[in-house]
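The values are calculated or read from the model by the stated rules, or taken from the named source; none is laboratory data. The model shown is predicted, which means the values in this text are computed figures rather than measured ones. Note that we place each Cβ from the backbone using ideal geometry, even for glycine, and neighbour counts take in every protein chain shown. Calculation scope for accessible area: heavy atoms of the full protein, side chains included, ligands and nucleic acids excluded. Shrake-Rupley method; radii C 1.70, N 1.55, O 1.52, S 1.80 Å.
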Amino acid sequence: MFGILVLHLSAASLLFARSGCYGQTAEVGSLTSQVGGYAVFECPSIPQPRYDHDDDLRRLVAVRWTKDGQTVFTCSEGTLTNDERYDGRTTMVEPPDFSNAVSISINVSSLRESDTGDYECHVTYSGDVGPLQHSSSRSPLPILSSPQSITDSPLNVVDKDMGGTAGVRFRLDVQGGDVMSIPPINQTRMEHESVHFSCVKEDPEFVVQWYKDGVPLDDLPFLSGRFLVTPEGSLDIYDAALNDNGFYSCRIISAKGTLSAGAFLNVQYKAKVVYSPAEVFLAYGKPGTLDCHFHSNPPLTKIRWEKDGFLFDTYNVPGVYHRLNGSLYFDRVEKEHGGKYTCTPFNELGTEGASTPMDVIVQHPPKLIVVPKVLYFCKLGDNITMPCEAENFDNRGPAIVWQKADGKSLFYPRITVNGGNLTLTGVRSEDRGVYRCVASNIAATISVETELIVEENLFHRKHFDVHVNATNKNIVAYWKRPYSFCTVWSRDTSSTSSNWNATATSSDGKAILWNLNTDGEYEIMVSCRDEMSGESLFSRSILTSHLKEITGRSTDELHEMSSSLVYQNHPFDIRVERSGTGYNVSWTMDKSSVEPRVKRYVVKWYDALDGLELGSASTAANKKYIVVELAGGKTYGILVTATLADGRQTSVGSRSFHSPASALTATTTSSSPSTAFTKYYYMALFGLFIIGFVVLCCNCHNGKGR
């Protein structure tokens, strides 16, 4: 783009004001532009209303521009006319809305060398022809491209009927005519029509290059085979398409220099649908939008929707609205909104027709009907399958994918997913972790997690302690920490399958396992989910032998398995004997065992029915007994563990026994807080009784003396 010429009003207004009379012109000077540039011809801003020397009201009626004495532009009552030499190159420039003056400006684009000349602006006024309106309220001035002859111009008639004019004069020089004689001008064409952009070079030896939006035409595939550059340098485009819209510029390279000029192409067409999906999914119970994908130039004027072959009028359908872009908006998608929709866009040129049917499908949120277990145990090299299935609504199921919760990729090709079920072959150590099954559709996304444990990895984890108490009816497992959501696992080691099963869940540190084989031997373990990492924390596994009736001297042999921190169990003998008001608990260990390295023993006693721990006490290694006083009429369990000098622990054993109803309520002989408190309470009460008695006697003696 060459030559930006803007004729400012300020200097012209100043000179015009200094003239001091109507019907005179002021000389502004000379202005210079280049071929292909533009200029803004601006007349002085005249305040409205205006009064002459006799205080007669006068009003601006018309503005006339002349070139070398011939009228080229006229503006009267908001209508712009121009000489045919300026066809397609003139537009009216609107004054600011906040201005209280009338300002008439004309933009002339694609300047040519022939536009060089002397221009003069004439402003014409009339008498009082009616009420005046403020300039900010007047209607926009239309742009007219149809020429009218100078002799027939309405302005000439106005000049005869109305007196004095005032104006401004300047000379415009357009340079570059020795390189380009005719620059391109803006074009508006219908689709499939041909387009011609002029770019006439003055010398056949000059080189002409054409660009669209700054890109060489040869680099645009959609224009391939549809354009031609003529020998004179002009551009012809055949079968204009909507993608052809844009700014086209020609560049002439010569020994005299390089000159560029450009113009816009506006391709108009009827409104047309460019894309319509076969299926559109909307979420049940949520807001939804159904779009009509169209192109339109001129802009869209209306759009027509049909559903199942009938007019779909949003005014008659509650909760459905038309958006400004023509889309349908649903406040809340219901089942009855499903169906086959078509849209037909219109503009002032018409329409190319309706879209192909779009099948709107209302989807419900996914619902999982088969979920994986909370935890899976397997050994290295095993194959494992984790199921995950979702319910189908209207024979359309959600998409199901598997992910690892830590973001790591799945181990293809050892992992296959069939119908939502994940199968992992040849399990390796790195396969452990949390897996997530995700089911999603347009309505919602849901997921469920499971954890895969490779048993060899259990021995390298940090464990917490768990204790069990077995009866002929159930097994009670209890632990201190953590208290988050925990699962108690068990497996019958006497069975050939020996698979881990989730037997119970708990969040309070205790769980009761029912319906177990009374002749079986079970391995018990607890897993609790770590809220930070998402992985599970495991207890040490404990083996409890077959379950017997709690009578006589039966024992439940427990030992902790597979832990680097806990020794294997050793031969033991635990005895519980009645001693006065309490019970004497004693034990012996095999002399060839670890007994010489024992630092201390810990004895815990608990309610055998619910597993509730009632108390604990410790004793040095040389004291192998603790006297425990318990309430009568209940069944209790005793658990003894040994702590070695190096900090390791080993289970000595456990014993269940029944306390007769005649037994007294008491506590351990190790002076527990409750026992001491009871003794001191009665002593204080007795002391208060004695003091009160003495005070009473003294009061009686003093009374007798008086």
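A few remarks follow.
- Net lengthening on full extension, T493/A405 (0.36 nm per residue, minus Cα-Cα): 28.5 nm
- Vicinal HN-Hα couplings computed from phi for segment 304-310 (Karplus, 6.51 cos²θ - 1.76 cosθ + 1.60; Hz; Gly/Pro x): 10, 10, 10, 10, 6, x, 10
- Of R85, R189, R64, the order by accessible heavy-atom surface (1.4 Å probe, DNA, RNA and ligands excluded), from most exposed downward, is R85, R189, R64.
- For segment 321-332, Karplus couplings with θ = phi - 60° (6.51, -1.76, 1.60), whole Hz, Gly/Pro x: 9, 8, 8, 5, 7, x, 6, 8, 10, 9, 4, 8
- Heavy atoms of F377: accessible area, 1.4 Å probe, square angstrom to 10: 40 Å²
- Each label was represented as a point 7 Å from its Cα along the Cα-to-Cβ direction; for Y275 and I690 these points are 10.1 nm apart.
- At full extension, T425 and K256 could sit 53.0 nm farther apart than now, given 0.36 nm per residue minus the alpha carbon distance.
- Annotation: peptides 384-395, 216-227, ranked by per-residue average of other Cβ atoms within 10 Å with the highest first, follow the order 384-395, 216-227.
- L380 exposes around 90 Å² of accessible area when a 1.4 Å probe is run over every protein chain in place.
- When restricted to Cα atoms, segment 265-365 yields an Rg and a Dmax of 14.0, 49 Å, respectively.
- Residue ranking by accessible heavy-atom surface, 1.4 Å probe, largest first, among Y321, Y412, Y601 comes out as Y412, Y321, Y601.
- FRET efficiency, 1/(1 + (r/R0)^6) with R0 30 Å, evaluated for V602 and N515 via beta carbons: 0.40
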